[in-house]
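Quick notes on the structure that follows.
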């Protein structure tokens, strides 16, 4: 699922603000100063995008010679971005690529791309991605995919070259440059193609696709939405082969979504999706390899999914990695998420071998930390780096070419996150991790090869300043770009030395204070620690109203909740400071509280595993503990506490309101999963198990099981063409509310999916949410 309210993600962008709605409702205790602040901080600010302070470079990359840093940026401070280049020698920034026709907007892309944007949580416009053509061409160039087609832009060339036209009827999907820079692979009409830049010739490599039923090279819905695998094909390291998936969804019943808001009827007003519900079959995924020169496909001995076996070992193709010598490593996960196999395929001889098996309870978390080592550099060459949570926290391990584990690279009660780079010759690995605390992220350096058993040296931290650091290393492993933010500071971008972490030069700094906002209006939340009922430490974020304006507590309180797996809500990041809904409510005299309950991310497998089989139980009880802590501190009062959440958070807000009616008085539940038998296989079965094996968990974990206890007021919000959490979740809950005689309010958006995108819809939603809380808190 991994879908949070868009105010909680720096990747979520939106359009410029519309004029202030002067009819915006005010609180009962409005004073002249409150009226003034309402004008300074209108409800429209909640949906603005980019958020204050997040007008910063994204998609940062280095040119092949590391002389240029490129990035996407909007000089107009809106969603429409262009490609800029920063010359590290002269310190100048120049426009590298501006879309000739304005680039991407929501009206000029195909239906397929719109759905991919939903699953990528992408809201950017103009240019949304680019790739460096690292070698193969004489001049420095980038590839930019746009609705009009694939462009090549050479550095300092007056205009880009349209290499491959596209159209909405036959769009180019997921284009990627070959490692040697001479070719471009892409999907068109559900088939894999390759364009040779040197010959200017395009060739279709696969055949036999059948509309949307059998596709080649496209990641299936489950892979895109739940496995964080966006691709369905992979270039070999020598650029001579492409591995790809054949996805057969013919065995999956179609789920029809009607466009009730359209004036048309028939095929234009409906869409069908092969959606695998919990307990049902998944799509069939075959794995093939084809030469870039064409010819017959080599079908590998692997079939994932497509069976009703509940204990299927080869259920999901989780990841695919090429190693040197045209060796393929497939990561294959079983249906219960307890066993992951690394299967090696030698495409030269057709040999298949399981080289490593990871078994873990309560589940295995997928990651992108598999990294092959080069051949011929050290005695460990030909092996790979792997990450495992077998100690309870994710750490790196060194494996030889046969899969044998040679020992740990890192260890401790903290977790590694991503590999940023590997210098095999120097024996160093660079990575981001939580060594300095679960609310932060830093870049570290560690020795790649074990010196002696049980004698690991502590990693060396390379980033400076508390908070979150995301990094991009240059190709020569000399420097890195550091994107750093914290509760107190919006993102800034700088070039730093990979030797000692010292800053070499700033690349981008925010204007501060943020235009249109006074500092008190964006006061960071206070981070606090409380104890769960089992003694576990939980982190909370407190947005307290200004006591000089609103007097001493207790205050009316709103708990903003997500609570689900793979998401961290409370962290030392600017994104917490610019939660605009929280800041808006705080400026209305309402206390806002967030808490990361057991089951949320970045705290280790034991902390996450409390969720296993029991969504809606311990996670909801931790949120109750948070509310009781607020009451004990004198900050809140029972009966004047509300809830807000979206997706899993929408589920949590409805569940908590129903389970604890004496503490919580109202809730806004956005796009909630109200019954887990109506959600997809991968996500649901990972945390709940199969419906046939855990009927009590499915029953208790359904909101409908608890509606008879409901006393508070409930506002349900949902898009009617949501293809992720179907509108039927809300409809089923409405049936239960009616049967129980419980009142509810309903806010629907007939033309929106999992989260409203239209500016008018988003503003209308925020106005309705504020009006609901004003009446009921």
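Quick rundown of the values:
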| quantity | calculated |
| --- | --- |
| Residue list for segment 436-462, restricted to those being touching a strand residue (DSSP E or B) at 6+ places or on another chain (Cβ under 6 Å) and surrounded by 19 or more Cβ atoms within 10 Å (Cβ to Cβ) | 441, 442, 443, 444, 445, 446, 448, 459, 462 |
| Qualifying residue in segment 764-776 (condition: farther than 17 Å from residue 666 by Cβ, out of contact with any helix residue (DSSP H, G or I) (no Cβ under 9 Å at 6 or more places or on another chain) and surrounded by 16 or more Cβ atoms within 10 Å (Cβ to Cβ)) | yes |
| Candidate set from segment 421-435 (those that are assigned to a loop (DSSP other than H, G, I, E, B) and under 29 Å from the mean Cα position of the chain (by Cα)); member that is surrounded by the most Cβ atoms within 10 Å (Cβ to Cβ) | 434 |
| Residues being over 22 Å from the mean Cα position of the chain (by Cα) and under 14 Å from residue 319 (Cβ atoms) - total across segment 358-384 | 3 |
| Residue within segment 392-409 that is surrounded by fewer than 20 Cβ atoms within 10 Å (Cβ to Cβ), touching a helix residue (DSSP H, G or I) at 6+ places or on another chain (Cβ under 7 Å) and part of a loop (DSSP other than H, G, I, E, B) present | yes |
| Condition broken by residue 677, with the remaining ones in (1) within 19 Å of residue 258 (Cβ to Cβ); (2) touching a strand residue (DSSP E or B) at 6+ places or on another chain (Cβ under 9 Å); (3) surrounded by fewer than 22 Cβ atoms within 10 Å (Cβ to Cβ) satisfied | (1) |
| Residue count for segment 466-498, restricted to those that are over 21 Å from residue 86 (Cβ atoms), at pLDDT 95 or above and part of a loop (DSSP other than H, G, I, E, B) | 4 |
| Any hit, segment 658-669, residues being under 20 Å from residue 275 (Cβ atoms), touching a helix residue (DSSP H, G or I) at 6+ places or on another chain (Cβ under 9 Å), crowded, with 21+ Cβ neighbours inside 10 Å and in contact (Cβ under 8 Å) with a residue 40 or more places away in the chain | no |
| Residue count for segment 44-94, restricted to those that are at pLDDT below 90, touching a strand residue (DSSP E or B) at 6+ places or on another chain (Cβ under 9 Å) and at positive phi | 1 |
| Count of segment 330-360 residues which are more than 20 Å from residue 224 (Cα to Cα) and either buried (at least 21 other Cβ atoms within 10 Å of the Cβ) or without any contact (Cβ under 8 Å) to a residue 60 or more places away in the chain (or both) | 20 |
| Candidates 387, 446 - the one that is under 23 Å from the mean Cα position of the chain (by Cα) and assigned to a strand (DSSP E or B) | 387 |
| Elements of type helices (runs of 4 or more DSSP H) contained in segment 545-648, each with 2 or more residues being closer than 30 Å to residue 492 by Cβ, out of contact with any strand residue (DSSP E or B) (no Cβ under 7 Å at 6 or more places or on another chain) and in contact (Cβ under 8 Å) with a residue 24 or more places away in the chain | 574-577, 580-586 |
| Test for residue 720: is it surrounded by 15 or more Cβ atoms within 10 Å (Cβ to Cβ), in contact with a strand residue (DSSP E or B) (Cβ under 9 Å, 6 or more places away or on another chain), at pLDDT 95 or above and under 18 Å from residue 678 (Cβ atoms) | yes |
| Hits in segment 197-209 - residues which are free of Cβ contacts under 8 Å to residues at least 60 places away in the same chain, over 20 Å from residue 288 (Cβ atoms) and crowded, with 16+ Cβ neighbours inside 10 Å | none |
| Residue 752, sole failed condition from (1) surrounded by 17 or more Cβ atoms within 10 Å (Cβ to Cβ); (2) part of a loop (DSSP other than H, G, I, E, B); (3) touching a residue at least 60 places away in the same chain (Cβ under 8 Å); (4) touching a helix residue (DSSP H, G or I) at 6+ places or on another chain (Cβ under 9 Å) | (3) |
| Selection count, segment 293-324, where residues are buried (at least 21 other Cβ atoms within 10 Å of the Cβ) and farther than 19 Å from residue 229 by Cα | 0 |
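For every residue, the table says whether it meets (1) in contact with a helix residue (DSSP H, G or I) (Cβ under 9 Å, 6 or more places away or on another chain); (2) surrounded by fewer than 16 Cβ atoms within 10 Å (Cβ to Cβ); (3) in contact (Cβ under 8 Å) with a residue 24 or more places away in the chain.
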| site | (1), (2), (3) |
| --- | --- |
| 211 | no, yes, no |
| 234 | no, no, yes |
| 243 | no, no, yes |
| 247 | yes, no, yes |
| 251 | no, no, yes |
| 254 | no, yes, no |
| 259 | yes, no, yes |
| 269 | no, yes, no |
| 290 | no, no, yes |
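Let's see how each residue does on (1) modelled with pLDDT of 95 or more; (2) buried (at least 20 other Cβ atoms within 10 Å of the Cβ); (3) more than 30 Å from residue 269 (Cβ to Cβ); (4) out of contact with any helix residue (DSSP H, G or I) (no Cβ under 6 Å at 6 or more places or on another chain):
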position	(1), (2), (3), (4)
703	yes, yes, no, no
709	yes, no, yes, no
712	yes, yes, yes, no
725	yes, yes, no, yes
735	yes, no, no, yes
743	yes, no, yes, yes
747	yes, no, no, no
757	no, yes, no, yes
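The values are calculated or read from the model by the stated rules, or taken from the named source; none is laboratory data. Fair warning: this is a prediction, and the values are worked out from it, not measured in the lab. Glycine also receives a Cβ, built like all others from the backbone with ideal geometry; neighbour counts cover every protein chain displayed.
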